[in-house]
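Notes follow once the structure below has been shown.
The values are calculated or read from the model by the stated rules, or taken from the named source; none is laboratory data. Note that the structure is a prediction, hence the values are computed from the model and not measured. Positions of Cβ are backbone-derived with ideal geometry, glycine not excepted, and every protein chain shown enters the neighbour counts.
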Amino acid sequence: MSNEELQRILRYYQDIGITDVYRKAGVVEGGSPTPAPRPVAEPVQVAAQPPKPTAPPPPPPPVIEQPTLIAMPPELPLPPLTPTNDTLDLIRADIGDCKRCRLHTGRKNIVFGVGNPETKLVFVGEGPGEDEDIQGIPFVGRAGQLLTAMIENTAQKEGIPLKRADVYICNVVKCRPPNNRTPEPDEMEMCGQFLARQLEVIRPKAICSLGGTATKALLGKKEGVTKLRGNWFKWRDFPVMVTYHPSYLLRSVAPTAKREAWEDLKKVLHFVYD
């Protein structure tokens, strides 16, 4: 179609009141198809995802209140267990008319100890018997007579000038147990404090422990005298020789017991006096 024809048609449409003319899509002048306009895609509304839950922040550390420090007075020194400048006389005075345990109910006398306070050798026995309770002196009965003979005869045979009066003799408990029974642990503990003071005052070169009760009090061992005898142990810094109690030797039927006790005593005497 020529331009003139097109203008004539447009004037005709104008005359009849048509003012808008639309061109058919896809056709351009010359008959070539035009690509249809690409539809514009409307934006897709994407639903908002809820935010992922996050771990709550850790709680703040607890506030620890610092203790209020109170100024304390300087610590006072504890009094010594053994009095300063202790003596045997002071120990005996401290015992007094002792009623610290049940043994006082049946006693006649407190049997403290006897002998040379400056000796190098101390014998420790179990407790007073009937004769000792009457006289107030340790080892004066049959067992005491045997102990005296053991000390003096052994010393003489070994060429050591020694008599009973040259040593010190005492017991673990100072009062006679009823019927000569073995002292109870609390009785030994009560009297043991005085025995310890006696030994610390004398400070011998060696201690001879006579029998199981004395050995248990000094060494705290559970083994019997048969296993311990003839060997050296220590009470604090003092050497201790364990041997049989003379009363055991008086009633023992073991043929070797007296000889073993004699051997033990020889060891003690040579250790102390050589």
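Tabulated data for the structure shown
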{"read-out": "Some residue of region 114-121 being surrounded by fewer than 23 Cβ atoms within 10 Å (Cβ to Cβ), part of a strand (DSSP E or B) and aliphatic (A, V, I, L, M)", "value": "yes"}
{"read-out": "Counted residues, region 209-225 - those being in a helix (DSSP H, G or I) and either aliphatic (A, V, I, L, M) or touching a Ser or Thr at 6+ places or on another chain (Cβ under 7 Å) (or both)", "value": "7"}
{"read-out": "Residue within region 226-240 that is without any contact (Cβ under 8 Å) to a residue 40 or more places away in the chain, on the phi > 0 side of the Ramachandran plot and in a loop (DSSP other than H, G, I, E, B) present", "value": "yes"}
{"read-out": "Condition broken by LYS258, with the remaining ones in (1) in contact with a helix residue (DSSP H, G or I) (Cβ under 9 Å, 6 or more places away or on another chain); (2) over 17 Å from LEU147 (Cα atoms) satisfied", "value": "(2)"}
{"read-out": "Region 233-263, subset in contact with a Phe, Trp or Tyr (Cβ under 8 Å, 6 or more places away or on another chain) and not hydroxyl-bearing (Ser, Thr, Tyr), residue surrounded by the most Cβ atoms within 10 Å (Cβ to Cβ)", "value": "VAL242"}
{"read-out": "Residue, surrounded by the most Cβ atoms within 10 Å (Cβ to Cβ), within region 206-225, restricted to residues that are in contact (Cβ under 8 Å) with a residue 60 or more places away in the chain and not small (Gly, Ala, Ser)", "value": "LEU210"}
{"read-out": "Enumeration of residues in region 178-208 that are assigned to a loop (DSSP other than H, G, I, E, B) and not β-branched (Val, Ile, Thr)", "value": "ARG181, PRO183, GLU184, ARG203, PRO204, LYS205"}
{"read-out": "Residue satisfying condition, being basic (Lys, Arg), farther than 26 Å from ASP274 by Cβ and surrounded by fewer than 19 Cβ atoms within 10 Å (Cβ to Cβ), within set ARG142, ARG176", "value": "ARG142"}
{"read-out": "Pair list, Cβ < 9 Å and 6+ apart or interchain, from region 243-268 residues that are outside any helix (DSSP H, G or I) to residues that are among the charged types (D, E, K, R) and surrounded by 18 or more Cβ atoms within 10 Å (Cβ to Cβ)", "value": "THR243/ARG229; THR243/ASP264; TYR244/ARG229; TYR244/ASP264; HIS245/GLU126"}
{"read-out": "Qualifying residue in region 170-177 (condition: assigned to a loop (DSSP other than H, G, I, E, B), within 21 Å of ILE95 (Cβ to Cβ), charged (D, E, K, R) and touching a residue at least 12 places away in the same chain (Cβ under 8 Å))", "value": "yes"}
{"read-out": "Among the residues listed as THR148, THR182, THR154, the single one being surrounded by fewer than 16 Cβ atoms within 10 Å (Cβ to Cβ) and among the polar types (S, T, N, Q)", "value": "THR182"}
{"read-out": "Failed condition for GLN135, given (1) farther than 25 Å from ASP97 by Cα; (2) without any contact (Cβ under 8 Å) to a residue 60 or more places away in the chain", "value": "(1)"}
{"read-out": "Output for region 122-139, where each listed residue is surrounded by fewer than 22 Cβ atoms within 10 Å (Cβ to Cβ) and at positive phi", "value": "GLY136"}
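Okay, residues lined up against (1) more than 29 Å from the chain's Cα centre (by Cα); (2) modelled with pLDDT under 95; (3) over 30 Å from ARG102 (Cβ atoms):
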| site | (1), (2), (3) |
| --- | --- |
| ASN171 | yes, no, no |
| PRO185 | no, no, no |
| THR215 | no, no, no |
| LEU219 | no, no, no |
| GLU260 | yes, no, yes |
| LYS266 | yes, no, yes |
| ASP274 | yes, yes, yes |
